Amino acid sequence: MIDEFFESLGLNNLEEKRLSLDMAMLAFAIFITGAVISYFLHPGYSIMNDFISTLGTGQYGWVMNISFISTGILLLPIFLALYSILDDYTHDESRKFLTLGAVSGIISQIGLILVGIFVDHPGRDIHSFVAGVFFFALMFCIVFLTRMTHYLHPNTVFDRLDRKVIKFFGYGLAFLDFLMIFFNLILYSYNYDAFIQKIVVLASFFYLGYFISQIRSSYIQSQI
């Protein structure tokens, strides 16, 4: 049922798929630019102790919040494009992971959009909830997409993928994400997870950018 839903939303031609994948790089650039600008607009902000969401508070918090929302909106169609491209190269086992990865990816970006809408303030539990949705879904998205590459059909255009790099970074990132959630939700410790959060977010975007660029180059070249 979910597969049919994704197929009904799928991108239908090469240009639509190429544009969707290209938007990922724009999304990452917007996020990084917004974070850097917000950092200089928030004197006293601590990279070690303050969360990224803190940049979305105060007089100039709108800069980071626009970055959250814009990044989430631009990344939403990426997972439709990945599903549309990779579906033809998967079998039942890998399609399960592809579907779960795409669904998790979409949920994570909805969570990121809501992070920008529900600003971080003391007592604002809804912000913590949507931030948790973002990180949980992002962790599962990376795990499922990484696992999916184990099962791609052999002797296809995607044989050129550097699967060892994808596996190493994918599972390593998922472990870092788990550590952050463990410190925050289980140990209730805020000594480390603010810094780990930054590593997880930046490394996850780097991983997704690398993954997407690998898929894009392999697929686009096969269509020329």
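For the reader, a short list of remarks on this structure follows.
- Contact map, the stretch 90-110: residues that are touching a residue at least 40 places away in the same chain (Cβ under 8 Å) and on the phi < 0 side of the Ramachandran plot paired with residues that are crowded, with 19+ Cβ neighbours inside 10 Å and among the basic types (Lys, Arg), Cβ distance under 6 Å, separation 6+ or inter-chain. Pairs shown: PHE97/ARG147.
- The stretch 25-47 residues that are touching a residue at least 60 places away in the same chain (Cβ under 8 Å), paired with ones that are in a helix (DSSP H, G or I) (beta carbon under 6 Å, 6 or more apart): PHE28/PHE205; PHE28/GLY209; PHE31/SER67; PHE31/THR71
- Some residue of the stretch 92-108 being within 26 Å of SER38 (Cα to Cα), of a type in the set (A, V, I, L, M, F, W, C) and at pLDDT 85 or above: yes
- Residues located in the stretch 117-176, provided they are β-branched (Val, Ile, Thr), out of contact with any Lys or Arg (no Cβ under 6 Å at 6 or more places or on another chain) and either at pLDDT below 80 or not in a helix (DSSP H, G or I) (or both): VAL119, THR156, VAL157, VAL165, ILE166
The values are calculated or read from the model by the stated rules, or taken from the named source; none is laboratory data. All figures in this text were calculated on a predicted structure; none of them were measured in a lab. With ideal geometry, Cβ positions are generated from the backbone for all residues, glycine too; neighbour counts draw on all protein chains shown.
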